[in-house]
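Participant: Dropping a structure here in structure tokens format, bear with me for questions.
What follows draws every value from the coordinates through simple rules; no lab data is involved. Since the structure is predicted, the reported quantities are computational estimates derived from the model, not experimental observations. Here Cβ is always computed from backbone atoms with ideal geometry, including for glycine, and neighbour counts include all displayed protein chains.
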Amino acid sequence: MRQGSTTLDLFAGMIEAITLTFNPGWTVEGRDVPGPFDDIRAIRACLVAAALTPESGCDADGTAPLILRDPDGNPVLIDQHR
């Protein structure tokens, strides 16, 4: 569902908890961002430098998702597709 620049995705049965997701390199329409964007490996390095510990890390080519928890325990998913 979309209202202006806000997009809400509902995943019945795919994700068990309320999850905030980010997709670096994609627009809100799911298209490639033209030009440079923050790669998931650089995002992971910034999180680690800020003393945040991801539950899972991206792999060497940057295609695996990165998951960490917000202060309330909800998962935050950073999922790079390109």
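Participant: I need the phi-derived Karplus couplings for segment 46-51: 6.51 cos²θ - 1.76 cosθ + 1.60, θ = phi - 60°, integer Hz, Gly and Pro marked x.
Facilitator: With coefficients 6.51, -1.76 and 1.60, one gets 5, 5, 5, 5, 8, 6 Hz.
Participant: Under a point-charge model restricted to the Cβ atoms of Lys and Arg (+1) and Asp and Glu (-1), what is the dipole moment magnitude of the chain relative to its Cα centre, in debye to the nearest 20?
Facilitator: Details: 6 positive and 12 negative charges, 29 e Å.
Approximately 140 debye in magnitude.
Participant: Then there is this: Among Ala42, Gly57, Phe11, which residue has its Cα positioned farthest towards the positive end of the charge dipole of the chain, with +1 placed on the Cβ of Lys and Arg, -1 on the Cβ of Asp and Glu, and the dipole taken about the Cα centre?
Facilitator: Farthest towards the positive pole: Ala42.
Participant: As a test of the formula, what do you get for the chain when each DSSP H run with n ≥ 4 contributes -39,500 (n - 2.57) and the sum is divided by the residue count, at 222 nm and rounded to the nearest 500 deg cm²/dmol?
Facilitator: Here the helix-only value at 222 nm equals -3500 deg cm²/dmol.
Participant: Report Rg/Rh for the chain, rounded to two decimals, where Rg is the Cα radius of gyration and Rh the Kirkwood radius. Kindly include the intermediate steps, with their values, before the conclusion.
Facilitator: Working: Rg = 13.4 Å, Rh = 13.8 Å.
With Rh from the inverse mean 1/r over Cα pairs, Rg/Rh is 0.97.
Participant: Report for the chain the percent antiparallel among DSSP-assigned beta bridges with both residues inside it, nearest 5.
Facilitator: Here the share of antiparallel DSSP bridges comes out near 75 percent.
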